[in-house]
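S.K.: What follows is a structure written as structure tokens; I'll ask about it next.
The values are calculated or read from the model by the stated rules, or taken from the named source; none is laboratory data. Only a predicted model underlies this, so the values are computations on that prediction, with no experimental measurement involved. Cβ sites come from the backbone with ideal geometry, for glycine too, and all protein chains shown count toward neighbours.
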Amino acid sequence: MDYLMKNLIKTEKQKRLYVKSRSFIEPFKKRAPIHDKNSTFPVENFEELKNHQMTALTIPKKYGGEEISLYDFLLVQETIAQGDGATALSLGWHNGIMMQLRDANKWPEETFKQVSETIINQKTLINSAATEPKTGSPARGGKPETTAVKTSEGWVINGKKTFTSLAPVLDHIIITATTQNGETEGVGEFLLNRETAGITFNETWDTLGMRATRSDDLILENVHVPDRALVATKDPGHGKSPQGWLLHIPACYLGIAIAARNDTIEFAKTYEPNSLNHPISEVPEVRRKTAEIDLELMKARHFLYHVASLWDEDPKRRPELGAELAAVKTVATNAAVNVVDLAMRTVGGYSLHRENHFERYYRDVRAGLHNPPSDDITSMILGKKAYE
């Protein structure tokens, strides 16, 4: 265990989770270039994660899960991302959704219990689909153009969602829709089953980075669901209240940056050009860049885990942590971009070869800038708080 991680692991449980998560790094890293090149979902990675109960980490103990804390969740995310960022981000959405539902208590308890037990017993996967072509991310406040019209038998849903990560393997799909019940209009959250008639996916995901998340478009065409499919009308979707679980996003991108940092150090230890009589690890400029990398990671990671500790240790303070949560995301994702850039500058032209992973790290960390909240929203939040 290197010094970057050592000071962040505080309990035996965290050490166990870290060791378990590390076991996935090498096999995932070997497969990552293939899935990235072909833009295919890493199904085999998820089979391994399921078999080792990694998809049950945030489910309450009373329903068969491990009920880990936010801090512990981030340790897992950051570690798995060192093997494959796309796999980690996809796992983060699944486990994060279950953490949010566990902590928010916004669904009927029986529904949450059924989904939890299905994930435990049948190894199913869940994610939300909230972003739309015209409204963009719900974080910007747009009203869903997807509609749910009330009928005598339930609801009829029509619409299109984008950025639906895990699309090839999703079993449970949470969507937000503008509800129409007679003359009454609102916004509701619906739990859908993939096998329901009218649900299809368009394979549109062909992107610069995070190619293996397969965040395809979800098409909802005259989808008939019963009344019980409407699971929330108050604070639907990710809601307006602070969402600690979304820290899985910066944790993932920092994990990718750590992978770039570690690969750089290994390269520097072994690469010895004929102009030197020692590896480049002894060159002062290489050590200066490495120190700069570690400074970026230290600042971002201590900020990340400190805010996670605040979230875990004092639930009453959670409504006040919105600014800190947004700031962590901005600081961490930008730090990840800077770290990978520094790593590639250190390694030089070799970093452009696909076999060395660096160019994939570079493309993947760019995606973090576009996950919610974006930098401009963070600036708006902090600017507003400064003048309250």
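S.K.: Quick check on this structure: which one of Lys15, Lys6 is out of contact with any Leu (no Cβ under 7 Å at 6 or more places or on another chain), over 25 Å from Ala212 (Cβ atoms) and modelled with pLDDT under 95?
M.R.: Exactly one of Lys15, Lys6 is out of contact with any Leu (no Cβ under 7 Å at 6 or more places or on another chain), over 25 Å from Ala212 (Cβ atoms) and modelled with pLDDT under 95, namely Lys6.
S.K.: Checking the condition farther than 19 Å from His172 by Cβ and either free of Cβ contacts under 8 Å to residues at least 40 places away in the same chain or in the same structural domain as Glu12 (by TED's automatic domain parsing) (or both), which residue from Lys50, Lys62, Lys113 passes?
M.R.: It is Lys62.
S.K.: Name the residue, out of Ala323, Ala291, Ala343, that is surrounded by 19 or more Cβ atoms within 10 Å (Cβ to Cβ), in a helix (DSSP H, G or I) and among the small types (Gly, Ala, Ser).
M.R.: Among Ala323, Ala291, Ala343, only Ala343 is surrounded by 19 or more Cβ atoms within 10 Å (Cβ to Cβ), in a helix (DSSP H, G or I) and among the small types (Gly, Ala, Ser).
S.K.: Another one. Return the residues of segment 281-315 that are touching an Asp or Glu at 6+ places or on another chain (Cβ under 9 Å), aliphatic (A, V, I, L, M) and without any contact (Cβ under 8 Å) to a residue 40 or more places away in the chain; say none if nothing qualifies.
M.R.: Selection gives Leu310 alone.
S.K.: Is it the case that some residue within segment 199-213 is acidic (Asp, Glu) and either assigned to a strand (DSSP E or B) or buried (at least 22 other Cβ atoms within 10 Å of the Cβ) (or both)?
M.R.: No: zero hits.
S.K.: Further question on the same structure: Counting only residues that are β-branched (Val, Ile, Thr), out of contact with any Gly (no Cβ under 9 Å at 6 or more places or on another chain) and not in a loop (DSSP other than H, G, I, E, B), which one in segment 163-198 is surrounded by the most Cβ atoms within 10 Å (Cβ to Cβ)?
M.R.: Looking at the filtered set, the residue picked out is Thr164.
S.K.: Within segment 56-84, restricting attention to residues that are among the polar types (S, T, N, Q) and in contact with a Lys or Arg (Cβ under 7 Å, 6 or more places away or on another chain), which residue is nearest to Tyr361 (Cα to Cα)?
M.R.: Within segment 56-84, the match that is nearest to Tyr361 (Cα to Cα) is Thr79.
S.K.: Also, I was wondering about something else. Phe112 is checked against (1) surrounded by fewer than 23 Cβ atoms within 10 Å (Cβ to Cβ); (2) not in a helix (DSSP H, G or I) and fails just one. What number does that condition carry?
M.R.: Unmet for Phe112, out of (1) surrounded by fewer than 23 Cβ atoms within 10 Å (Cβ to Cβ); (2) not in a helix (DSSP H, G or I): (2).
S.K.: Any residue in segment 135-156 that is not assigned by TED's automatic domain parsing to the domain that holds Gly186 sitting within a Cβ distance under 8 Å of a residue that is at pLDDT 95 or above and polar (S, T, N, Q)? List the pairs, counting only those 6 or more apart or interchain.
M.R.: Once the first residue is not assigned by TED's automatic domain parsing to the domain that holds Gly186 and sits in segment 135-156, no partner that is at pLDDT 95 or above and polar (S, T, N, Q) comes close enough.
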